[in-house]
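Colleague: Okay, here's the structure, questions in a sec.
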Amino acid sequence: MRYWERRGLLRPPIRTRANYRAYDEGSVTRIRFIRAAQDVGFTLQDIRTVLEALDGNRASCGRIRPVVVERLADVNARLRELRRLRGVLTDLARVCAEAGDDDPCPSVERIASSTARAPVLKP
């Protein structure tokens, strides 16, 4: 939470006499939002954008939608890359299964020679 304070996402809380941090209900709500936003893949900059909109009572869909759409595009790109990697690893596993246990591993040879390529698999 101190990190979020330094990044300007969270206001520093009041301190008790014992110098403990005391978060009010608004701060607790904000902390929960930050954590939930991180859980769905929002970056700190995304969260800052949304919080600024919330703070200014301007959290309309028109302001928030671009943040969500950009994060969705990132997730889709990562999924495409993961599918491509799954294809590569599936191919390498198949090649390994076809080789004898005492034979040189063709997967290692393919990786070393950078021929371990697979097309992007469609969902």
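Colleague: Among the helices (runs of 4 or more DSSP H) lying completely within region 1-120, list those that include at least 3 residues that are β-branched (V, I, T) and touching a residue at least 12 places away in the same chain (Cβ under 8 Å).
Modeller: It comes to 44-55, 61-98.
Colleague: Filtering region 3-26 down to residues that are of a type in the set (K, R) and more than 19 Å from T49 (Cα to Cα), which residue is nearest to the chain's Cα centre (by Cα)?
Modeller: Among them, the one singled out is R21.
Per-residue answers, yes or no, for (1) under 18 Å from M1 (Cβ atoms); (2) touching a strand residue (DSSP E or B) at 6+ places or on another chain (Cβ under 6 Å); (3) not assigned by TED's automatic domain parsing to the domain that holds R2:
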site	(1), (2), (3)
G26	yes, no, no
V40	no, no, no
T43	yes, no, no
T49	no, no, no
E52	no, no, no
R80	no, no, yes
G87	no, no, yes
V95	no, no, yes
I111	no, no, yes
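Colleague: Still on this structure: Can you give me the number of residues within region 27-40 that are in contact with a Lys or Arg (Cβ under 9 Å, 6 or more places away or on another chain) and under 15 Å from E52 (Cα atoms)?
Modeller: Going through region 27-40 one residue at a time, the tally reaches 2.
The values are calculated or read from the model by the stated rules, or taken from the named source; none is laboratory data. From a predicted model like this one, the values you see are computed outputs, not experimental measurements. Methodologically, a virtual Cβ is constructed for each residue, glycine included, from the backbone with ideal geometry; neighbour enumeration extends over all protein chains shown.
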